[in-house]
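Q: Here it is, the structure in full.
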Amino acid sequence: MKFFADTADIADIKDLASTGLLDGVTTNPSLIAKAGGNFLEVVAEICGVVEGPVSAEVTALDAPTMIEEGRKLAKIAKNIAVKVPLTWDGLKACKQLSSEGTMVNVTLCFSANQALLAAKAGATFISPFIGRLDDINLDGLELIEEIRVIYDNYAFETEILAASIRTANHVKEVALIGADVATVPPAVLRTLANHPLTDKGLEQFLADWKKTGQKIL
Ligand code: E4P
């Protein structure tokens, strides 16, 4: 499973990219507002740090303007994935932009039928929002399972990009289901390496090593 960072914070992105484990980045208008700065410049800077897909979202609501905005965003860098909302206009824009060879991430997906439409529109990525479904007592993970079955039934190439991830458990569950990508907030991503028994074991190993009086270097 690929890991994308769900943030527009350049310091966080640089830090995560330095691990060599970061496969891409997703931004949205809220994340851009939180990070501050000029949208086009921030996205260009992120594209310079990360080789994989960097999602940048259109803000128009009608297909012709979405396509125009998408074309402008796609010119920023080769690794831009234009993000469009899952509306009829968004699907039209997806079809057009993907036919032009631009990667498209269809966002704000909350149902399996929406995901089916996005795949038929040639989406590179579909972004089902797990956490926001959980917030209203619906099962976000069940949605990922349904989409996996449908995409496998018809051999759709659209990648399932599990979004709105809030916990380390969400990451494990979407990996078990077979999501292609998880986009994860940096704070959650960092917790994935943590385990109290790792810390305890390391402490013991280091204490015993000290007793040997040896050094490797
Ligand atoms: C990703 O593309 C989405 O923009 C993001 O995961 C939304 O997460 P949130 O529901 O925590 O805002």
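Q: How much of Asp152 can a 1.4 Å solvent probe reach, expressed as accessible area in Å² and rounded to 10?
A: Using a 1.4 Å probe on the heavy atoms, I get roughly 100 Å².
Q: When a/c is below 1.5 the answer is rounded, else prolate if a/b is larger than b/c, else oblate, so apply that to region 13-172 with a ≥ b ≥ c taken from the square roots of the Cα gyration tensor eigenvalues.
A: It is oblate, given that a/c is not under 1.5 and a/b is not larger than b/c.
Q: Helix 196-212 versus the longest principal axis of the chain: what angle, 0 to 90°, nearest 10, using Cα atoms?
A: Tilt relative to the chain: about 30 degrees.
Q: How much length is gained if the chain between Ser30 and Lys75 is pulled fully straight, taking 0.36 nm per residue apart and subtracting their Cα-Cα distance, in nm to one decimal?
A: Computed gain between Ser30 and Lys75 is 14.0 nm.
Q: Picking from Ala81, Ala17, Ala118, which is most flexible by a Gaussian network model of the chain using Cα springs under 10 Å?
A: Evaluated over the chain, the most mobile residue of the options is Ala17.
Q: Can you show me the helix-derived [θ] at 222 nm for the chain, built from DSSP H runs with n ≥ 4 at -39,500 (n - 2.57) apiece and divided by the number of residues, rounded to the nearest 500.
A: Per the formula, -15000 deg cm²/dmol.
Q: When ligands, DNA and RNA are left out and all protein chains stay put, how many square angstrom of accessible area per residue does the chain have with a 1.4 Å probe?
A: 54 Å²
Q: If you don't mind, there's one more thing I want to ask. So, R0 is 25 Å and r is the distance between the beta-carbons of Ser111 and Leu61; what FRET efficiency does that work out to, to 0.05?
A: 0.80
Q: Under a Cβ-Cβ cut-off of 12 Å, what is the net charge of the residues other than Thr191 that fall near it, where Lys and Arg count +1 and Asp and Glu count -1?
A: Once positives and negatives cancel, what remains is +3.
Q: Loop-only check: which trypsin sites (Lys or Arg not before Pro) in region 20-109 are DSSP coil with at most 14 other Cβ within 10 angstrom?
A: Lys75, Lys78
Q: What is the angle, in °, between the Cα long axis of helix 168-177 and the longest principal axis of the Cα atoms in the chain? Nearest 10 is fine, range 0 to 90.
A: 60 degrees
Q: Between Glu100 and Tyr154, what is the FRET efficiency for a Förster distance of 35 Å, r being their Cβ-Cβ separation, to the nearest 0.05?
A: Plugging the Cβ-Cβ distance into 1/(1 + (r/R0)^6) gives 0.90.
Q: Once the other residues with Cβ under 14 Å from the Cβ of Ala112 are scored (Lys, Arg +1; Asp, Glu -1), what is the net sum?
A: Counting the neighbours of Ala112, the net charge comes to -3.
Q: Provide the net charge surrounding Phe4, with neighbours chosen by a C-beta distance below 11 Å and charges set as Lys +1, Arg +1, Asp -1, Glu -1.
A: -3
Q: Pull up all non-local amide H partners of Val54: gap of 5 or more, or a different chain, and H-to-H distance under 5 Å with H placed in the peptide plane.
A: Val25, Ile80, Ala81
Q: At a Förster radius of 35 Å, what calculated FRET efficiency corresponds to the Cβ-Cβ distance of Lys120 and Val49, to the nearest 0.05?
A: 0.55
Q: Hey, what do the phi angles of region 64-75 turn into as Karplus ³J(HN,Hα) couplings, whole Hz, using 6.51/-1.76/1.60 and θ = phi - 60°, x for Gly and Pro?
A: With coefficients 6.51, -1.76 and 1.60, one gets x, 6, 4, 5, 4, 5, x, 5, 5, 5, 5, 6 Hz.
Q: Another question about this same structure. Restricting everything to alpha-carbon atoms, can you work out Rg to Rh for region 103-146 with a Kirkwood hydrodynamic radius?
A: Dividing the radius of gyration by the Kirkwood radius yields 0.99.
Q: Within region 148-180, list the residues whose amide N lies under 12 Å from a label point set 7 Å along Cα→Cβ of Thr191.
A: Residues passing the 12 Å test: 165-172.
Q: What do you reckon, how do Thr26, Thr19, Thr167 stack up by accessible area (1.4 Å probe), largest on top?
A: Thr19, Thr167, Thr26
Q: Helix 140-153 versus the longest principal axis of the chain: what angle, 0 to 90°, nearest 10, using Cα atoms?
A: It is inclined by approximately 60 degrees.
The values are calculated or read from the model by the stated rules, or taken from the named source; none is laboratory data. Predicted model, so just to flag it, every value in this text is computed and none were measured. Note that we place each Cβ from the backbone using ideal geometry, even for glycine, and neighbour counts take in every protein chain shown. Keep in mind that these areas ignore ligands, DNA and RNA; they rest on the heavy atoms of the full protein, side chains included. Shrake-Rupley method; radii C 1.70, N 1.55, O 1.52, S 1.80 Å.
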